[in-house]
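Engineer: Pasting in a structure now, in C-alpha cells, and then I'll have a few things to ask.
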Amino acid sequence: MNFKEKILAFMREETYKPLTFKELLLALGVEENMKKALLVALNELEDEGKIIFTRTERYGLPEKMNLVIGTLEGHPKGYAFLLPDDKSMKDIFISPADMNGAMHGDRVIVRPMKVLEDVKSPQGKVIRIIERANPYVIGTFQRSRHFGFVVPDDKRISYDIYVPKEEFNNARENTKVSVKIIEWPDQRKNPEGTIVEVLGDIEDTKTHIDAVLLAKKVRQVFPEDVIREAKKVSQEGIAESEIKRRKDLRKLNIITIDGSDAKDLDDAVYAEKLNENEYLLSVHIADVTHYVKEDGKLDKEALRRGTSIYLTDRVIPMLPKELSNGVCSLNPGEDKLTLSVEMIINKDGKVIDYKIFESIINNRFRMTYDDVTDILENNDEELSDKYKDIVPMLKIMEELSLVLRRKRELRGAIDFEFPERKVISDESGKAIDVRRYERRISNRMIEEFMLVCNETVAEHYFWLNIPFVYRIHEDPDEEKIYEFSKFIHNFGYTLKGNVVHPKELQQLLNKIKDT
C-alpha cells in the first residue's frame, strides 16, 4: 500500500477526526526522513479533490465534512448543476450567486444546502475550485473602441470574456478566436482574457470546423518525432524474410470495395466457388501492428487520438498519412502485409473450416460500391468490360452474400433498415445538399462478409479461452419491452411475454415494413 492509499484508508476509519500535519505524522507513525513524502502525498490528494485542507489547517475527507466533489454542468442563464463523482448522489443545483467564480466544466467542491421547493435537485454552494476546465475559450470576437468581448461558442459558458484593447492582438470584429483567460470571474466582473489565436471570419465554413476541433482539443498536427518514426517505417520496404514467413496470396484476384471518396483502404476480399456445396471466402485486413510497435511513438500517439475523425472537408487520421494512406492502405498494384481469415462456407451459410494467418497480398482493383452495384444489378457493359477479370468473382460474392444473409435471417437477425443520409459539401466545406445514402447490393455484400469474418474470429478466441473484446448487443430491458408491447398493441400487433427472441422482433418489423 502506497502513502496515498494509506492516508485514505486511515481517514475512512469511523473514529477519524480531521487532523493537522503534525498530528498525522504521529498517528501514521511517519519517520522524520519521510515527512516530505507525506506532505507531497497530502498535496496530491488535495489537488485530486480526495481530501480537504480546512481553514483550521486540518486534513479530512469531503464526504465526512458535508462536502461533495464533482463537475459543473453550466447553463446559459448562469446557474449550473454539480454532477457528483459519486453517481449514486443526486445532481446539485448551484445558483448564479453561489458559483463563486466557477465556470462550466470546472471540477469543484460544493457544500450542499437546503432543498428548494421549486427545484427537483438539492441546492449547494461552490466553496473551492479544484481544476479549471476552460483555460482557453473559443468564440466570436465583438469589439468596441477601447475593449471587446468574446462570446463563447459553448453556451454553457455563461460569461462573455472581457478583452482589453491591448489584448486584441490584431483580431477583427466578427472573427472566430481563441482567448486565454488571465483573470477568472467573480460576482462583480466577467473573466478577462487575451486573444491568442484568430481562426478566421465567422462566414467561412472552414473557420467553424477549426473552432470545433480546437474546442474539442483534437490534435491535428503530428509531433515531429512521430512523423520521423512514420517516415522511417514506411520507407523500409518489405524484407524478403518477411515475405517468406507469410502466406503469399499475391496471385489471387483480391480486391477492395469502398466508397468513392475513401482514402484509406484497410480491408480486402476474395471469393471462389469450390463446388456446388462450398464457397471459399477470404477477408484481409492491413497488418498495422507490423509497423506500429507496442509502446513506440506511433502507438502512444494513436492511443492519445483514439480514432480517425472524418469531417466534411478533411480527415484527421489516427496515424500519420505515411501509414494511413501509405503502407497500411491496401492500394491497388502494391504489395501489402495483411492479416487474413480464410473460411470455407457451405450452401447453408455455415463456416465448416477456417484459417487465420499472416499474409502478403496485392490488391488487383480498387472497386467502389457504385461500380460493383452497377455491374451486378444493371449489367453495365462498360464497367463489366473494364473489370472482366473479376466479374465472375463478383457474381459469386453476390451469391454467397445472399446465402449468409438468409442464414442470419433464419436465426433471427434484425435488420432495422434505418435510412442514412449523406451530406454533400462544396469545395469550401459548406453543406449544399443532403442525399439519401442507399445500401445497395455491394454494401450488403461487404457487411455480410465482415460479419461472418468477425464471428469466426470471435469464436476462435472464445474456444482458446483468451480475453477478447466482443461486439455484442445486450438483451433489451424488460420494462422497455413491456412499454413497447403496450404501444404496438394500439395498432393491432402483439409481442408474447417480457422476454422476446430476436426472431419475433424480426417478424414484427417485417409485418410493419412500408406501413
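We did not get these values from a lab; they are worked out from the coordinates using the rules stated. A quick note: this is a predicted structure, and the numbers were derived from the prediction, not measured. Backbone-built Cβ (ideal geometry, glycine too); neighbour counts: all protein chains shown.
Engineer: Assign unit charges at the C-beta atoms only (+1 for Lys and Arg, -1 for Asp and Glu), then state the dipole size of the stretch 16-131 relative to its Cα centre in Debye, rounded to the nearest 20.
Structural biologist: Values: 17 positive and 18 negative charges, 68 e Å.
That gives the stretch 16-131 a dipole magnitude of about 320 debye.
Engineer: How long are the semi-axes of the equivalent ellipsoid of the stretch 212-328, defined as square roots of 5 times the Cα gyration tensor eigenvalues? Whole Å, largest first. It would help to have the intermediate numbers written out before the result.
Structural biologist: Numbers: eigenvalues 199, 81, 25 Å².
For the stretch 212-328, the ellipsoid semi-axes come out as 32, 20, 11 Å.
Engineer: A follow-up question, please. Which residue, PRO84, ILE472, LEU38, has the largest displacement toward the positive end of the dipole of the chain when charges sit on each Cβ (Lys, Arg +1; Asp, Glu -1)?
Structural biologist: With unit charges placed on the Cβ atoms, the residue in question is LEU38.
Engineer: Shifting gears a bit: From the phi angles alone, apply the Karplus equation (6.51, -1.76, 1.60; θ = phi - 60°) to the stretch 100-106 and give each ³J(HN,Hα) in whole Hz, x where the residue is Gly or Pro.
Structural biologist: 6, x, 7, 10, 3, x, 5
Engineer: Let me ask something else. Hydropathy at least -1.0 by Kyte-Doolittle, axial extent at least 30 angstrom from the Cα trace: which helices of the chain, defined as entire DSSP H runs, fit? The partial results should precede the final answer.
Structural biologist: On the way: long enough: 441-463 (33 Å, 0.11).
Those that clear 30 Å and a mean of -1.0 are 441-463.
Engineer: Next question. In terms of modelled amide H atoms, which long-range or inter-chain residues lie less than 5 Å from the amide H of ASP266?
Structural biologist: Amide H to amide H, under 5 Å and 5 or more residues apart or across chains, ASP266 pairs with LEU330.
Engineer: While we're on this one: What value, in deg cm²/dmol to 500, does the helix sum -39500 (n - 2.57) over DSSP H runs of n ≥ 4 give at 222 nm once divided by the residues of the chain?
Structural biologist: On the way: 13 runs with 149 residues, N = 515.
Computed mean residue ellipticity for the chain: -9000 deg cm²/dmol.
Engineer: Percent relative contact order of the stretch 364-488, based on C-alpha pairs within less than 8 angstrom and at least six residues apart?
Structural biologist: Values: 67 pairs, mean separation 26.4, N = 125.
That works out to 21 percent.
Engineer: Rounded to whole Hz and in sequence order, give me ³J(HN,Hα) for the stretch 356-366 from the Karplus expression 6.51 cos²θ - 1.76 cosθ + 1.60, θ = phi - 60°, writing x for Gly and Pro.
Structural biologist: In residue order, the calculated couplings are 10, 7, 7, 8, 10, 10, 9, 4, 6, 9, 8 Hz.
Engineer: Same structure again: Tell me, how many Å apart are the Cα centres for the stretch 51-100 and for the stretch 178-196?
Structural biologist: Between the Cα centres of the stretch 51-100 and the stretch 178-196 lies a distance of 22 Å.
Engineer: Translational diffusion coefficient, Stokes-Einstein: compute it for the chain using the Kirkwood radius over C-alpha pairs as Rh, at 37 °C and 0.692 mPa s, and state it as an integer in µm² s⁻¹. Kindly include the intermediate steps, with their values, before the conclusion.
Structural biologist: Numbers: Rh = 29.0 Å.
Stokes-Einstein gives a translational diffusion coefficient of 113 µm²/s.
Engineer: Treating only the Cβ of Lys, Arg, Asp and Glu as charged (+1, +1, -1, -1), what charge dipole size does the chain show about its Cα centre? Round to the nearest 20 debye.
Structural biologist: Values: 82 positive and 94 negative charges, 288 e Å.
The dipole magnitude comes to about 1380 debye.
Engineer: In terms of modelled amide H atoms, which long-range or inter-chain residues lie less than 5 Å from the amide H of GLU197?
Structural biologist: HN-HN under 5 Å from GLU197: SER178.
Engineer: Determine the equivalent ellipsoid of the stretch 136-215 by diagonalising the alpha-carbon gyration tensor, then write out the semi-axes as square roots of 5 times the eigenvalues, largest first, rounded to whole Å.
Structural biologist: Details: eigenvalues 75, 42, 19 Å².
After diagonalising the Cα gyration tensor, the semi-axes are 19, 14, 10 Å.
Engineer: Could you list, bin by bin from short to long, the percent of Cα-Cα pairs of the stretch 66-131 in 5 Å steps?
Structural biologist: 4, 22, 35, 27, 11, 2, 0
Engineer: Can you give the relative contact order of the chain as a percent, counting alpha carbon pairs under 8 Å and 6+ residues apart?
Structural biologist: Values: 844 pairs, mean separation 40.8, N = 515.
Relative CO of the chain lands at 8 percent.
Engineer: Kindly write out, for the stretch 425-432 in residue order, the coupling ³J(HN,Hα) from the Karplus curve 6.51 cos²θ - 1.76 cosθ + 1.60 (θ = phi - 60°), rounded to whole Hz, with x marking Gly and Pro.
Structural biologist: For the stretch 425-432, the Karplus-derived couplings read 10, 8, 5, 7, x, 7, 5, 10 Hz, x marking Gly and Pro.
Engineer: Could I ask something else about it? Counting alpha carbon pairs within less than 8 Å and at least 6 residues apart, what relative contact order, in whole percent, applies to the stretch 194-350? Walk me through the intermediate numbers first.
Structural biologist: Details: 163 pairs, mean separation 40.6, N = 157.
Normalised by residue count, the contact order of the stretch 194-350 is 26 percent.
Engineer: Next question, about the same structure. List every residue whose amide H lies under 5 Å from the amide H of THR368, counting only residues 5 or more places away in sequence or on a different chain, with H placed 1.01 Å from N in the peptide plane.
Structural biologist: Those lying under 5 Å, H to H, from THR368 are ASP258.
Engineer: Which one, SER442, HIS208, GLN235, is farthest towards the positive end of the dipole of the chain when Lys and Arg carry +1 and Asp and Glu -1 on their Cβ?
Structural biologist: Of the options given, the answer is HIS208.
Engineer: Could you compute the FRET efficiency for ASN346 and ASP475, with r as their C-beta to C-beta distance and R0 at 30 Å, rounded to 0.05?
Structural biologist: Values: r = 30 Å, r/R0 = 0.99.
In this case the efficiency is close to 0.50.
Engineer: While we're on this one: Going toward the positive end of the dipole of the chain, with +1 on Lys and Arg Cβ and -1 on Asp and Glu Cβ, which of PHE10, GLY333, GLY296 do you reach last?
Structural biologist: Value computed over the given set: PHE10.
Engineer: Which entries of LYS263/LYS297; LYS263/LYS503; LYS231/LYS388; LYS176/LYS217; LYS216/LYS300; LYS90/LYS189 show an alpha-carbon separation above 26 angstrom in the structure shown? Provide the component values of the computation, followed by the final result.
Structural biologist: Working: LYS263/LYS297 23 Å; LYS263/LYS503 38 Å; LYS231/LYS388 37 Å; LYS176/LYS217 16 Å; LYS216/LYS300 19 Å; LYS90/LYS189 30 Å.
From LYS263/LYS297; LYS263/LYS503; LYS231/LYS388; LYS176/LYS217; LYS216/LYS300; LYS90/LYS189, over 26 Å: LYS263/LYS503; LYS231/LYS388; LYS90/LYS189.
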